[in-house]
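What follows draws every value from the coordinates through simple rules; no lab data is involved. All values derive from a computational prediction rather than experimental measurement. Every residue, glycine as well, gets a Cβ built from its backbone with ideal geometry; the counts of neighbours run over all protein chains shown.
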Ligand SMILES: Cc1ncc(COP(=O)(O)O)c(C=O)c1O
């Protein structure tokens, strides 16, 4: 099969022209100009490391927090620049104190690394993990909302809620969940790894206790750029995973939260410094800026899903209102013959990669049991790439 057409915008990325890249969702992909921007910061650092860290770094980080705060409609003082969402979730869960018998609520579609963190912390404190089953296929957001709220008891102290679930690509009714959970006294740790650049986030209005999101995913910033937002009334409870100078540094007109998160030891902050340029560069790539990017990617994911469902003869597993820029489908005949054991690579993934040059995740999962595929849609993707994937799957699955 000939490789499919590429989007005219693909030239702004350095993705391998022999690869049909349909997995922006895993790690994102950064445009060439932003990688150049990141190198500019690294060069500046190496010109004079002491001046960079002691005289300039705080101002650069502040610029990045300000740029993020504008997009997130929140106070820049409540943001910490961290490396990734896993760190964000760990920072919160490992800062908090739990009592024996406290309940931490987690839907079964949570990202495994974050679920592991919940299990680790719960075991350490003698807290109880309550796993909520979210059906998939699912009729609509109300089903997820009701399932999660039904898991709340008078012992629930924290809920780990996704904006968009990783395995199933479902947009959760996270705004309503935050409202209902927080009003019952349950602190929400919002895992918005798939968040900024993918769904509009208005953090002050949202009111979640804790939010973390990756800038390296849907904002296309360099790898290792993410933020943690902690509501002002809770900042005294939260410390970075690395205790450093900030814990004892004279306060001045800065909060302890700021001091502690602004310096966690010598690290490469070039990804964080590149945030303002990334926000602007991406917004200028498409008429209409960020809202237009989100709409474009949503429409492409919907169209890609329609093409796959039609070609493979499968039903859509959720309504459009639960789709953002990724879409998960259960492959035909999945769940039969026991499937591929969990944690083992699915050979179909490698066949798609080696024989067709397609990069797309294929995996087995227990909840419910089946074999899944998840497509992503980003500006560099073209509709023909989903037709190509559909043809490859039809051939490999003998459909
Ligand atoms: C829902 C969710 N949470 C957390 C993460 C972890 O992101 P990172 O590896 O950047 O920490 C991911 C990554 O895909 C995710 O999908």
**Request:** Neighbouring Cβ atoms within 10 Å as the yardstick, rank 243, 132 fewest first.
**Result:** 243, 132
**Item:** Fluctuation leader among 246, 25, 288 - the chain, Gaussian network, Cα springs under 10 angstrom
**Value:** 288
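Just to verify a number: FRET efficiency for residue 66 and residue 133, C-beta to C-beta distance, R0 = 56 Å, to 0.05?
Working: r = 41 Å, r/R0 = 0.74.
For R0 = 56 Å, the calculated efficiency reads 0.85.
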**Centroid-to-centroid separation of the stretch 231-307 and the stretch 45-94 [C-alpha atoms, Å]** = 7 Å
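Between residue 283 and residue 40, how high is the FRET efficiency from 1/(1 + (r/R0)^6) when r is the Cβ-Cβ distance and R₀ = 25 Å? Nearest 0.05.
Values: r = 19 Å, r/R0 = 0.77.
So, using R0 = 25 Å, E works out to roughly 0.80.
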**Item:** Where Rh is the Kirkwood radius over Cα pairs, Rg/Rh for the stretch 34-280
**Value:** 0.98
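Any idea what diffusion coefficient the stretch 157-226 gets from Stokes-Einstein, in µm²/s, Kirkwood Rh on alpha carbon pairs, 25 °C, 0.890 mPa s?
Details: Rh = 12.3 Å.
After rounding, the answer is 200 µm²/s.
Pop the C-beta distance of residue 154 and residue 292 into the FRET formula with R0 = 56 Å and round what comes out to the nearest 0.05.
Details: r = 45 Å, r/R0 = 0.81.
The computed FRET efficiency comes out at 0.80.
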**Item:** Which of 318, 19 has the fewest Cβ neighbours within 10 Å, and the rest in rising order
**Value:** 19, 318
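Divide by every residue of the chain the summed helix terms, -39500 (n - 2.57) for each DSSP H run of at least 4, and state the resulting mean residue ellipticity at 222 nm, rounded to the nearest 500 deg cm²/dmol.
Details: 14 runs with 155 residues, N = 399.
Theoretical 222 nm ellipticity from helices: -12000 deg cm²/dmol.
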**Item:** Highest-MSF residue in the chain out of 361, 167, 345 [GNM, Cα springs under 10 Å]
**Value:** 345
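Give me the Å³ per residue figure for the convex hull around the C-alpha atoms of the stretch 1-53.
On the way: hull volume 5.0 nm³, N = 53.
Cα convex hull per residue, to the nearest whole number: 94 Å³.
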**Request:** Please provide three numbers in whole Å: the alpha-carbon extents of the stretch 250-359 along the principal axes, with the largest listed first.
**Result:** 64, 39, 29
**Prompt:** Taking every DSSP beta bridge that has both residues in the chain, what percent is antiparallel when rounded to the nearest 5?
**Reply:** 50 percent
**Asked** At what distance in angstrom do the alpha carbon centres of the stretch 6-35 and the stretch 172-229 lie from each other?
**Response** 25 Å
**Message:** Given axes a ≥ b ≥ c from the Cα gyration tensor, I'd like to know whether the stretch 1-160 is rounded (a/c under 1.5), prolate (a/b larger than b/c) or oblate.
**Reply:** oblate
**Message:** Only Cα pairs within less than 10 Å get springs; with that Gaussian network setup on the chain, which residue of 266, 254, 30 has the largest fluctuation?
**Reply:** 266
**Request:** From zero up to wherever the largest Cα-Cα distance of the stretch 72-202 sits, split into 5 Å bins and tell me the percent of pairs in each.
**Result:** 2, 10, 21, 24, 22, 14, 6, 1, 0
**Asked** Points 7 angstrom from Cα along the Cβ direction at residue 1 and residue 123: gap in nanometres?
**Response** 4.3 nm
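Which length gain, in nm to one decimal place, applies between residue 303 and residue 351 when the Cα-Cα distance is subtracted from 0.36 nm times their residue separation?
Working: separation 48, 0.36 × 48 = 17.28 nm, distance 2.39 nm.
Net length gain for the segment: 14.9 nm.
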